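Undergrad: Below you'll find the structure I mean.
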Amino acid sequence: MSLASYIGCNIEIPINDHEYSDDFFYIGGCFAGDDELQNVKKYQFTTPYIYEVSSHWGIQIFKYMDPEASTESKKKLIELCKIMDSYLEKGDFFELYSCWVGEETDKREGELTLQINNFDINQIEIPEKTLVRFEK
């Protein structure tokens, strides 16, 4: 199984038009198909536009994970916030949700709200099945 990360937002954003890019991080397809995108939209997000955040492994940050994987997830999250900050206007938000492919309909295990430009990456935990709302 693969850990996928999804974002939801109120605006359309450009996606990478080729799957399985070698880029460190991009918005576009990797693990999820149309069914997974529809399920995560229906069961997890409050926004109309849903995208997979592709990085060849999902974003999750928690205390007891492998330090190398944690560092990589933190870099991906910082990059995601930079990208989304360029698209969002003051007062808008985007949502992030990571889960194992096929578990998009499962009950959330947590929720968190952060300011897109004002959080300490070393003080947050985002385990799988946690909905994170990033506000601008």
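The values are calculated or read from the model by the stated rules, or taken from the named source; none is laboratory data. It should be emphasised that the depicted structure is a prediction, and the values quoted were computed from it without experimental measurement. As a convention, Cβ positions derive from the backbone with ideal geometry for all residues, glycine included, and neighbour counts pool all protein chains shown.
Undergrad: Might you let me know whether region 106-118 holds any residue that is modelled with pLDDT of 95 or more, in a loop (DSSP other than H, G, I, E, B) and of a type in the set (Asp, Glu)?
TA: yes
Undergrad: Further, regarding this structure: Return the only residue of 113, 130, 105, 47 being of a type in the set (Ser, Thr, Tyr) and farther than 16 Å from residue 7 by Cβ.
TA: 105
Undergrad: Another question, then. Does residue 99 qualify as being part of a strand (DSSP E or B) and surrounded by 14 or more Cβ atoms within 10 Å (Cβ to Cβ)?
TA: Taking the combined requirement at face value, the residue satisfies it.
Undergrad: Taking region 43-67, which residues are of a type in the set (D, E, K, R), over 18 Å from residue 87 (Cβ atoms) and in contact (Cβ under 8 Å) with a residue 24 or more places away in the chain?
TA: 63
Undergrad: Can you tell me which residue among 116, 126 is out of contact with any Cys (no Cβ under 7 Å at 6 or more places or on another chain), touching a residue at least 12 places away in the same chain (Cβ under 8 Å) and surrounded by 15 or more Cβ atoms within 10 Å (Cβ to Cβ)?
TA: 126
Undergrad: Hey, can you tell me all the residues within region 57-93 that are more than 12 Å from the chain's Cα centre (by Cα), in a loop (DSSP other than H, G, I, E, B) and surrounded by 15 or more Cβ atoms within 10 Å (Cβ to Cβ)?
TA: Within region 57-93, 88, 92 qualify.
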